[in-house]
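Before any comments, here is the structure.
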Amino acid sequence: MKSAVETLNPTRVRLTVEVPFEELKDSLDAAYKKINQQVTVPGFRKGKIPARVIDQRFGRGAVLEEAVNDALPKLYQSAVEEGELSPLGQPEVDITELKDNELLAFTAEVDVRPEITIPDYSGIEVEVDATEVTDEDIDKSVEQLRERFASTTAVERPAAEGDVVKIDLEAKVDGEVLEDGVAKGVDYTIGSGELLEGIDEAVTGLSAGGSATFTTELKGGSAAGQQAEVKVDVTSVSARELPELDDDFAQLASEFDTLDELREDSRKRLGQMKKYDQATQAQEKVLDQLIELVEVPIPEKLLEDEVNTRKSNLVNHQLGQMGMDLKTYLEMQDKSEEDFDAELKEQAEKGIRTQFILDELVAKEKLNVSQEELTEHLMRRAQSSGMSPDQFAQAVVEGGQVPMLVGEVARGKALAVVVEAATVKDTNGEVVDLEDEDETAETAETVEAAAGTAAESAPETLAEDKVEEKAEEKKADGESDA
């Protein structure tokens with residue numbers, strides 16, 4: 001076999017392949033065997049029909065077609081390996097010559113990973129938020145804890161801000177009650193902003209047994225984005241009472257004996273949270289600067305597939321679960337479809353660039369993924385999917401997506417290398433040391449967020465969907481067993 005590679009552009013090549021006919025012998029034998037099992041010829045047992053009879057009865061062309069179809073994938077793969085190519089997606093194959101007993105020639109055009117040059121990235125500098133925890137931060141944290149331990153007492157007076165009202169709701173659009181527009185026995189804290197816009201004004205001043213009607217825009221359900229007339233009936237009013245902030249409260253709400261100990265613990269926890277947020281912010285900013293430093297040609301077909309995948313995920317999964325279509329979503333976001341498509345394309349381009357650049361860094365830095373690192377990453381992914389690690393691991397293996405998870409961890413390690421080489425300062429001008437953070441874990445998550453659904457190659461664009469489908473099956477099986 002002879003093959004040659006012609007570069008059409010930085011992300012696409014044409015392979016020209018010539019194969020002497022003797023190299024097709026195995027495929028020809030397989031073709032005769034397959035046809036033997038499919039046809040019947042009087043006078044011959046099935047599977048025992050001579051090749052010359054098959055040629056006479058069904059034509060040599062049918063045999064050649066079957067043989068070529070069998071041989072092409074293997075010949076193409078050999079040419080890819082010989083050319084040391086990294087193809088993206090399926091090739092466009094054209095058989096240019098087929099001479100019986102002489103020659104098979106074909107061309108294959110395919111997108112390939114572009115060659116990327118990683119420049120010196122040690123000069124990257126980013127600024128992140130400082131991590132000081134103020135007394136105001138602690139006060140807010142303790143107050144939130146205090147809210148969780150509030151008690152309620154039924155009162156016979158008009159409802160006021162801060163009270164908890166039990167209400168029944170009925171929503172109408174164009175005078176018709178919506179099928180999903182009725183709710184009964186809903187507890188709502190006035191002023192919390194957790195329900196419909198306008199409800200606070202409607203229920204304030206109402207006593208148990210009172211009713212009011214108001215107009216609002218529905219945020220979800222079958223009529224999301226539409227104006228609805230909502231009737232609200234108050235069935236009870238309760239006053240919320242917050243516990244006193246003292247040592248007794250500390251003992252009630254925590255394992256600490258004093259309020260001072262509780263506040264000190266809040267300071268530590270808030271500090272840890274701010275350090276985590278600071279590390280994530282550093283990684284995101286470093287990644288953005290790295291992307292700006294590297295020129296990355298993007299295959300058009302891969303970009304098109306990625307945009308379509310992202311759009312499908314939003315419309316069919318996220319919006320579908322909310323009972324909302326794309327038109328309603330865009331109206332709520334005050335965006336045109338053109339603006340939405342442009343944003344989607346920009347996100348997809350960033351995702352593809354992120355993967356290409358970090359994959360190149362993985363190869364350049366010769367980074368490997370240990371079993372322990374892969375297991376830790378799998379545990380985090382399982383937790384985010386709401387599954388047990390065993391269920392998620394089985395779904396990953398059955399979906400053939402272990403390499404995908406390995407790639408995620410490897411890219412996280414690559415980004416960690418760049419972050420370590422960068423200069424990170426906080427808003428106070430102090431140099432931030434991120435070495436003590438679990439960078440592999442955090443950068444893997446940062447990379448996932450930046451890359452989105454972009455996959456390692458076009459055939460794997462839906463790789464994560466495959467894992468999620470398997471995961472849902474395993475999760476459902478587990479629930480059934482329970």
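Taking 21 Å as the straight-line reach from the Cα of LYS140, the lysines in range (excluding those fewer than 8 positions away in the same chain) are LYS268, LYS274, LYS275. For region 2-112, the convex hull spanned by the alpha carbon atoms encloses 96 Å³ per residue. Answer with one residue from THR235, MET324, LEU98: the one whose Cα lies farthest towards the positive end of the charge dipole of the chain, charges on Cβ with Lys, Arg +1 and Asp, Glu -1. Most positive-ward Cα: LEU98. Length gained on full extension, VAL53 to ASP247, computed as 0.36 nm times the residue gap minus the Cα-Cα distance: 60.1 nm. When only the Cβ of Lys, Arg, Asp and Glu is charged (+1, +1, -1, -1), the dipole of the chain relative to its Cα centre reaches about 3120 debye.
Remark: the Cα gyration tensor places region 41-189 in the oblate category, a/c being 1.5 or greater and a/b not exceeding b/c. Within a straight-line Cα-Cα reach of under 16 Å, LYS74 can be paired with the following aspartates and glutamates, leaving aside sequence neighbours fewer than 8 residues apart in one chain: GLU18, GLU22, GLU23, ASP26, ASP29, GLU65, GLU66, GLU82, GLU84, GLU92, ASP94, GLU109. A compact globular protein would have a Cα radius of gyration near 2.2 N^0.38 Å; the ratio found for region 212-365 is 1.67. For the chain, the spread of Cα coordinates along the three principal axes comes to 100, 61, 46 Å, biggest extent given first.
Taking Cα atoms, how many degrees apart are the long axis of helix 402-421 and the longest axis of the chain, rounded to 10 and kept between 0 and 90? The answer is roughly 70 degrees.
Full extension of the segment from GLN144 to GLU82, taken as 0.36 nm per residue of separation minus the current Cα-Cα distance, would add 15.9 nm.
Subtracting the Cα-Cα distance of THR235 and VAL39 from their residue separation scaled by 0.36 nm leaves 62.7 nm.
Values in this text are rule-based calculations from the coordinates and carry no lab data. Computed from a predicted model, the values in this text were never measured in an experiment. Every residue, glycine among them, receives a Cβ derived from its backbone with ideal geometry; neighbour counts consider all protein chains shown.
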